[in-house]
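Engineer: Following this message is one structure expressed as structure tokens.
The values are calculated or read from the model by the stated rules, or taken from the named source; none is laboratory data. Source: prediction; values computed, not measured. Using ideal geometry, Cβ is built from the backbone for each residue, glycine included, and neighbour counts are taken over all protein chains shown. Just so you know, the surface numbers come from the protein's heavy atoms only, side chains and all, with ligands and any DNA or RNA stripped out. Shrake-Rupley method; radii C 1.70, N 1.55, O 1.52, S 1.80 Å.
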Amino acid sequence: MIQFDHLKKSYGTGADAHEVLHDINLTIEDGEVFGFLGSSGAGKSTLVRTINLLERPTEGKVIIDGADVSHVSGRDLAELRTKIGMIFQDFNLFQQRTVLRNVTFPLELAHRPKAQRIERGRRLLRLVGLEGFEDRYPSQLSGGQQQRVAIARALANEPKIMLCDEATSALDSTTTVQILDLLRRINRELGVTLVIITHSLSVARNICDRVAMIDGGNIVEVGETAELFANP
Ligand code: ADP
Ligand code: ADP
């Protein structure tokens, strides 16, 4: 479970301080596909990045599985981040590494033995539909294939939570549907909680169980996707 408790975030200090998230209160349940929908600059990315502390709350708390993580650092922060995978709009792959060595990178950081890394990397590539692509480089793949590699890498440490920041925004509509199908399978079959950032209504409707609409640093509406977007 992920809880935001009276969370506020400001950028800058003193006279330059600028509050971009105002008193956010919300609970995301285990196993949910939860979407943050809103226009550019609304604060979606800042909010979601407080979950793995790529951004620190200025006030209030982020609580994961009952523990306030707002102030963790050092080894505890590294440990927290291994439990939370993340994917991005522009994939963020290592261009100098093969597909397999992109996927096994988190396992190298964790000092897993080589044979185990390779075995797990291959299995993850099978899971995302990229068996046989182990020795290619990212530049030799399509956008959708690159995002599959990023998804496999995000799963390497068996996270319970995956953060998806505009993960399909660089992809065409057919590829978007394929990636959303893969993400839904990961949610259903592996039980991974998905936190989806999107500016796209159709992405939200396609995959999210619940959606929070963000505008100007506030949650202006939250509810079941089917109810929020039902035509009266
Ligand atoms: P969204 O993800 O909805 O597009 P963001 O969370 O990226 O919104 O941005 C929310 C607000 O915070 C915007 O006004 C943006 O300019 C500002 N912002 C984001 N990151 C920073 C930063 N590192 N420093 C200063 N302002 C930032
Ligand atoms: P297989 O039959 O090929 O092992 P599974 O569907 O059982 O397929 O699992 C696919 C892979 O996903 C396995 O390597 C498994 O360890 C891994 N896995 C299971 N749960 C998670 C999780 N929460 N996050 C990431 N990977 C996971």
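So that you can scan it fast, the table gives a plain yes or no per residue for (1) at pLDDT 95 or above; (2) open to solvent by less than 70 Å² (accessible area, probe 1.4 Å); (3) more than 19 Å from Thr176 (Cα to Cα):
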| position | (1), (2), (3) |
| --- | --- |
| Phe88 | yes, yes, no |
| Gln95 | yes, no, yes |
| Val99 | yes, yes, yes |
| His111 | no, no, yes |
| Arg122 | yes, no, yes |
| Arg126 | yes, no, yes |
| Arg136 | yes, no, yes |
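Engineer: Sticking with this one: For Thr168, all conditions in the list (1) part of a loop (DSSP other than H, G, I, E, B); (2) over 19 Å from Phe36 (Cβ atoms) hold save one; what is the number of the exception?
Structural biologist: Here Thr168 clears every test but (2).
Engineer: Output the strands (runs of 3 or more DSSP E) that fall wholly within segment 2-58 and possess 2 or more residues being more than 12 Å from ligand 1 (Cβ to nearest atom) and within 14 Å of the chain's Cα centre (by Cα), or say none.
Structural biologist: Details: elements: 2-11, 18-28, 33-37.
Result: 33-37.
Engineer: Could you check segment 171-197 and list, in sequence order, the residues that are open to solvent by 10 Å² or more (accessible area, probe 1.4 Å), part of a helix (DSSP H, G or I) and under 14 Å from Asp209 (Cβ atoms)?
Structural biologist: Those that are open to solvent by 10 Å² or more (accessible area, probe 1.4 Å), part of a helix (DSSP H, G or I) and under 14 Å from Asp209 (Cβ atoms): Arg184, Asn187, Arg188.
Engineer: Among the residues that make up segment 72-86, is at least one of them closer than 21 Å to Thr198 by Cβ, within 16 Å of ligand 2 (Cβ to nearest atom), of a type outside the set (Gly, Ala, Ser) and within 16 Å of the chain's Cα centre (by Cα)?
Structural biologist: The first filter runs over segment 72-86 and keeps only residues closer than 21 Å to Thr198 by Cβ, leaving 84-86.
Now narrow it down to the ones that are within 16 Å of ligand 2 (Cβ to nearest atom): 84-86.
Then keep just the ones that are of a type outside the set (Gly, Ala, Ser); that gives 84, 86.
Checking which are within 16 Å of the chain's Cα centre (by Cα) leaves us with 84, 86.
Yes, the conditions are met somewhere in segment 72-86.
Engineer: For segment 214-229: of the residues being among the hydrophobic types (A, V, I, L, M, F, W, C) and free of Cβ contacts under 8 Å to residues at least 24 places away in the same chain, which is farthest from ligand 1 (Cβ to nearest atom)?
Structural biologist: The extreme case among them is Ala226.
Engineer: Looking at Arg75, Arg117, which one is modelled with pLDDT of 95 or more, open to solvent by 30 Å² or more (accessible area, probe 1.4 Å), more than 16 Å from ligand 1 (Cβ to nearest atom) and part of a helix (DSSP H, G or I)?
Structural biologist: Numbers: Arg75 fails: modelled with pLDDT of 95 or more.
Exactly one of Arg75, Arg117 is modelled with pLDDT of 95 or more, open to solvent by 30 Å² or more (accessible area, probe 1.4 Å), more than 16 Å from ligand 1 (Cβ to nearest atom) and part of a helix (DSSP H, G or I), namely Arg117.
Engineer: Can Asp65 be described as within 18 Å of the chain's Cα centre (by Cα), at pLDDT below 95 and surrounded by fewer than 16 Cβ atoms within 10 Å (Cβ to Cβ)?
Structural biologist: In short, yes.
Engineer: Ala226 fails exactly one of the following numbered conditions: (1) more than 17 Å from the chain's Cα centre (by Cα); (2) outside any helix (DSSP H, G or I); (3) among the aliphatic types (A, V, I, L, M). What is the number of that condition?
Structural biologist: Checking Ala226 against (1) more than 17 Å from the chain's Cα centre (by Cα); (2) outside any helix (DSSP H, G or I); (3) among the aliphatic types (A, V, I, L, M), the one that fails is (2).
Engineer: A further question on this structure: Yes or no: segment 134-156 includes at least one residue that is closer than 30 Å to Lys8 by Cβ and touching a residue at least 40 places away in the same chain (Cβ under 8 Å).
Structural biologist: Taking every residue of segment 134-156 in turn, at least one turns out to be closer than 30 Å to Lys8 by Cβ and touching a residue at least 40 places away in the same chain (Cβ under 8 Å).
Engineer: Being open to solvent by less than 20 Å² (accessible area, probe 1.4 Å) and either in a helix (DSSP H, G or I) or not aliphatic (A, V, I, L, M) (or both): is that true of Leu130 here? Break it down into steps so the answer makes sense when it comes.
Structural biologist: Details: open to solvent by less than 20 Å² (accessible area, probe 1.4 Å): yes; either in a helix (DSSP H, G or I) or not aliphatic (A, V, I, L, M) (or both): no.
Against the criterion (open to solvent by less than 20 Å² (accessible area, probe 1.4 Å) and either in a helix (DSSP H, G or I) or not aliphatic (A, V, I, L, M) (or both)), Leu130 does not qualify.
Engineer: Turning to a different aspect of this structure: Which residues, counting only those in segment 129-170, are over 15 Å from the mean Cα position of the chain (by Cα) and closer than 27 Å to Leu53 by Cα?
Structural biologist: If the condition is that a residue be over 15 Å from the mean Cα position of the chain (by Cα) and closer than 27 Å to Leu53 by Cα, then Gln146, Ala170 are the ones that fit.
Engineer: With (1) over 13 Å from the mean Cα position of the chain (by Cα); (2) within 19 Å of Glu32 (Cα to Cα); (3) without any contact (Cβ under 8 Å) to a residue 60 or more places away in the chain as the list, and Ile186 as the residue in question, which single condition is left unmet?
Structural biologist: All conditions are met except number (1).
Engineer: Of (1) outside any strand (DSSP E or B); (2) within 16 Å of ligand 2 (Cβ to nearest atom), Glu108 satisfies all except one. Which?
Structural biologist: (2)
Engineer: Scanning for something touching a strand residue (DSSP E or B) at 6+ places or on another chain (Cβ under 8 Å), away from ligand 2 (no atom under 16 Å from the Cβ) and without any contact (Cβ under 8 Å) to a residue 12 or more places away in the chain, does segment 39-46 turn up at least one residue?
Structural biologist: Looking for residues that are touching a strand residue (DSSP E or B) at 6+ places or on another chain (Cβ under 8 Å), away from ligand 2 (no atom under 16 Å from the Cβ) and without any contact (Cβ under 8 Å) to a residue 12 or more places away in the chain, one finds none in segment 39-46, hence no.
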